[in-house]
Amino acid sequence: MNINSITFKLGGIIIVLFLTVFFPLVFTIDQLFTSFYKNQKQEELDHFATKYSASISDVDDKAAYHMFKMSSELINADLFVFNMKGKIIKSTGILGFQEGTQVSDNIFQPISKKQTVGIEYSEKGGDQKFLLSGKPIIIGNEVKGGLVVVSNMDNVNTSIAKVRIWLLVSVIGSLFIAIGFTFFISKKLSSPLLKMERATREIAKGKLKTKLVVPTKDEVGSLAAAIMDLERELEDYRNNRREFFANISHELRTPISYIKGYSKVVKDELYDSEEEKKQYLMIIYDESTRLAELINDLFELAKMEEGKLDLDFEWVDISEVLISSVKKVDLKAKEKGIHIHLSTKTGNPFLFSDGRRLEQIFINLIENAIRYSNQDTKIDIYIAPQKRDIQIFIIDSGIGIPKDDLPFIFERFYRVEKSRSRSTGGTGLGLAIVKNLVELLGGRIEINSVENIGTTFKLCFPIGQKVSEEKE
Ligand code: ADP
């Protein structure tokens, strides 16, 4: 199993957390039980010692001693009695406190001062532990000796050991449950992630039909949905790119083959007259101009799509931009006998936009209107300021666009009729550039067209604060 996996990390965290909480808890419980059992034993011995030291009438009271001895057996304890010289005069024979031996100072001293002794001690040279409770034997308000009850701590230790075993069993049990639970949770968490990893790798390899189903509605589910969106985007991008390259090579091949063919004719002097030669040269010139335009348009479009087109935003008087655009295309219009009627009024709101790019948009659309209009027709251009935006209409009464083609008209290289467009001289990128530019400038473009009646382009741009009179 991978040490960097979520299962490991999460498992590690849970177990560390578990141990940090559990160990102090277990330690505290152990201490509580240990002191509880010891206290209980000590109290029992104290009680016994108090009771019998009070009932004794003399340190040599044999009958009383005999009775104590029997009682002490009941509570599994030993006892001994010592006199005021510290000598043990009666003992049940407990190791270290035999009859005739001297009692140690730590017992004798406090008892001789009417104090009580309660201590825990270890057998010399052995590992047995004992609890001891000593009381003075007071007769007529005078200490005559002491009575000491001693109990082996075996019982206490057995009880503590039992508690410890139970504690250990519960710790190990809980640890196993925690490990199992961790494993289960981590698997549940990591399995959709692993699924996503596999799917993403497949997608990266180009398998764009990979399906990823994560039905949860949490963050993991939305990540899976995002991966699927990415896959769709990638597929669209791929299709577009394929189509784009097919179009581009077609568009480039056509003028290049014309240029190549006619320049060969001129080079090999395969023409009959100077007039014919001029004609061929004219074709070469037209096609190379077209090629230059195409390359320029492609370059512009690429920049736009990468978001690298520089825009110079400034306050722009839309009427002025339209007037200058019309001036630039007027010659082309006149050649076809087309009249451009531009109606501009003063008082139009200013646009905070890029004037040069606006002009590029208008020229493109007006040139199209001229290109796809018949001789001696008319083009109407007018501005309609609205509350929030400014609308510009470019209306021609040309050949129009069939309804079925309208949804695709802004796509790169889309042409209603390939041969017709080539003969009229466009690159097929004009409207794609226009749409991109309009959107970069924060506006939108709509088209309305009826075949053989004409086409209307409507442009909307959000207005700025100024109006044209305020210009001075
Ligand atoms: P092109 O360089 O071919 O003009 P565009 O992107 O500018 O490329 O236009 C795409 C297609 O839309 C044109 O080939 C033409 O078929 C159609 N079109 C554009 N403008 C007009 C118009 N004003 N009237 C009729 N058809 C138009």
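The values are calculated or read from the model by the stated rules, or taken from the named source; none is laboratory data. What you see is a predicted model, and the numbers here were worked out from it, not measured in a lab. Here Cβ is always computed from backbone atoms with ideal geometry, including for glycine, and neighbour counts include all displayed protein chains. Protein only, heavy atoms only, side chains kept; ligands, DNA and RNA dropped before computing areas. Shrake-Rupley method; radii C 1.70, N 1.55, O 1.52, S 1.80 Å.
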State yes or no: is ILE366 within 11 Å of the ligand (Cβ to nearest atom) and open to solvent by less than 30 Å² (accessible area, probe 1.4 Å)? yes
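Determine whether the range 231-241 contains at least one residue that is free of Cβ contacts under 8 Å to residues at least 40 places away in the same chain and in contact with a helix residue (DSSP H, G or I) (Cβ under 9 Å, 6 or more places away or on another chain). I'd like the intermediate steps shown before the answer.
So in the range 231-241, the residues free of Cβ contacts under 8 Å to residues at least 40 places away in the same chain come out as 231-241.
Among the residues that remain, those that are also in contact with a helix residue (DSSP H, G or I) (Cβ under 9 Å, 6 or more places away or on another chain) are: 231, 234.
Taking every residue of the range 231-241 in turn, at least one turns out to be free of Cβ contacts under 8 Å to residues at least 40 places away in the same chain and in contact with a helix residue (DSSP H, G or I) (Cβ under 9 Å, 6 or more places away or on another chain).
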Give me a count of the residues in the range 239-269 that are at pLDDT below 90 and open to solvent by 50 Å² or more (accessible area, probe 1.4 Å). 10
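Which of the residues spanning the range 331-349 are buried (at least 16 other Cβ atoms within 10 Å of the Cβ) and not β-branched (Val, Ile, Thr)? Let's see the steps before the verdict.
Initially, the range 331-349 is screened for residues buried (at least 16 other Cβ atoms within 10 Å of the Cβ), giving 333, 338, 340, 342, 344, 348-349.
Matches in the range 331-349: ALA333, LEU342, ASN348, PRO349.
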Here is a list of conditions, (1) surrounded by 12 or more Cβ atoms within 10 Å (Cβ to Cβ); (2) part of a helix (DSSP H, G or I); (3) modelled with pLDDT of 85 or more, and GLN31 meets all of them except one; can you say which number that is? (1)
Selected residue (criterion: nearest to the chain's Cα centre (by Cα)) from residues of the range 301-330 that are open to solvent by less than 50 Å² (accessible area, probe 1.4 Å), under 30 Å from ASN247 (Cβ atoms) and free of Cβ contacts under 8 Å to residues at least 60 places away in the same chain: ALA302
Log entry, pairs with first residue in the range 359-375 being more than 9 Å from VAL434 (Cα to Cα), second being within 9 Å of the ligand (Cβ to nearest atom) and open to solvent by 30 Å² or more (accessible area, probe 1.4 Å), beta carbons closer than 8 Å, six or more apart or on different chains, reads ARG371/THR424; TYR372/ILE399; TYR372/THR424; SER373/ILE399; ASN374/ILE399
Residues of the range 378-388 that turn out to be touching a residue at least 60 places away in the same chain (Cβ under 8 Å) and in contact with a Leu (Cβ under 9 Å, 6 or more places away or on another chain), as a count: 1
When the range 248-294 is examined, which residues are found to be more than 22 Å from GLY430 (Cβ to Cβ), assigned to a helix (DSSP H, G or I) and of a type in the set (Gly, Ala, Ser)? SER257, GLY261, SER263
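Which one of ILE14, ILE29 is within 38 Å of the chain's Cα centre (by Cα) and in the same structural domain as LEU132 (by TED's automatic domain parsing)?
Working: ILE29 fails: within 38 Å of the chain's Cα centre (by Cα).
Testing whether each residue is within 38 Å of the chain's Cα centre (by Cα) and in the same structural domain as LEU132 (by TED's automatic domain parsing) leaves just ILE14.
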Working carefully through the options LYS162, LYS87, LYS135, find the one that is open to solvent by 80 Å² or more (accessible area, probe 1.4 Å) and in contact (Cβ under 8 Å) with a residue 12 or more places away in the chain. LYS87
Unique match (being within 15 Å of GLY430 (Cβ to Cβ) and charged (D, E, K, R)) among ASP297, ASP317: ASP297
Some residue of the range 155-167 being within 17 Å of LYS9 (Cα to Cα) and in contact with a Leu (Cβ under 9 Å, 6 or more places away or on another chain): no
I'd like to check something: does the range 436-443 contain any residue that is within 9 Å of the ligand (Cβ to nearest atom) and crowded, with 20+ Cβ neighbours inside 10 Å? no
Selection from the range 203-249 of residues acidic (Asp, Glu) and under 21 Å from the mean Cα position of the chain (by Cα) yields ASP218, GLU219, ASP229, GLU231, GLU233
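If you take the residues in the range 369-385 that are away from the ligand (no atom under 12 Å from the Cβ) and in contact with a Ser or Thr (Cβ under 9 Å, 6 or more places away or on another chain), which one is most open to solvent (accessible area, probe 1.4 Å)? If you could, list the steps in order and put the result at the bottom.
Pass one, the range 369-385, residues away from the ligand (no atom under 12 Å from the Cβ): 375-376, 378, 380-385.
Retained after the next criterion (residues that are in contact with a Ser or Thr (Cβ under 9 Å, 6 or more places away or on another chain)): 378, 380-383.
Working: LYS378: 100, ASP380: 40, ILE381: 2, TYR382: 84, ILE383: 11 Å².
If we take residues in the range 369-385 being away from the ligand (no atom under 12 Å from the Cβ) and in contact with a Ser or Thr (Cβ under 9 Å, 6 or more places away or on another chain), then LYS378 is most open to solvent (accessible area, probe 1.4 Å).
Residues that are in a helix (DSSP H, G or I), surrounded by 10 or more Cβ atoms within 10 Å (Cβ to Cβ) and touching a Gly at 6+ places or on another chain (Cβ under 9 Å): does the range 191-201 have at least one? Please lay out each step first, then the result.
Pass one, the range 191-201, residues in a helix (DSSP H, G or I): 191-201.
The next check asks that each one be surrounded by 10 or more Cβ atoms within 10 Å (Cβ to Cβ); those that pass are 191-201.
Those left that are additionally touching a Gly at 6+ places or on another chain (Cβ under 9 Å): 192.
Within the range 191-201, one or more residues are in a helix (DSSP H, G or I), surrounded by 10 or more Cβ atoms within 10 Å (Cβ to Cβ) and touching a Gly at 6+ places or on another chain (Cβ under 9 Å).
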Residues to consider are ASP60, ASP78, ASP46; find the one that is part of a strand (DSSP E or B) and open to solvent by 40 Å² or more (accessible area, probe 1.4 Å). ASP78
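Rundown of residues vs (1) within 27 Å of PHE8 (Cβ to Cβ); (2) aromatic (Phe, Trp, Tyr); (3) surrounded by 13 or more Cβ atoms within 10 Å (Cβ to Cβ), yes/no style:
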position	(1), (2), (3)
ASP105	no, no, no
LYS144	no, no, yes
SER151	no, no, yes
ILE172	yes, no, no
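For the range 220-238, which residues satisfy the criterion of being charged (D, E, K, R) and surrounded by 13 or more Cβ atoms within 10 Å (Cβ to Cβ)? Please lay out each step first, then the result.
Just the residues of the range 220-238 that are charged (D, E, K, R), to begin with: 229, 231-233, 235-236, 238.
GLU231, GLU235 - these are the residues of the range 220-238 that are charged (D, E, K, R) and surrounded by 13 or more Cβ atoms within 10 Å (Cβ to Cβ).
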Would you check if there is a residue in the range 399-408 being near the ligand (Cβ under 7 Å from one of its atoms), open to solvent by 30 Å² or more (accessible area, probe 1.4 Å) and in contact with a Phe, Trp or Tyr (Cβ under 6 Å, 6 or more places away or on another chain)? yes
The range 274-300 residues that are free of Cβ contacts under 8 Å to residues at least 12 places away in the same chain, paired with ones that are among the hydroxyl-bearing types (Ser, Thr, Tyr) and surrounded by 12 or more Cβ atoms within 10 Å (Cβ to Cβ) (beta carbon under 7 Å, 6 or more apart): LYS277/TYR271
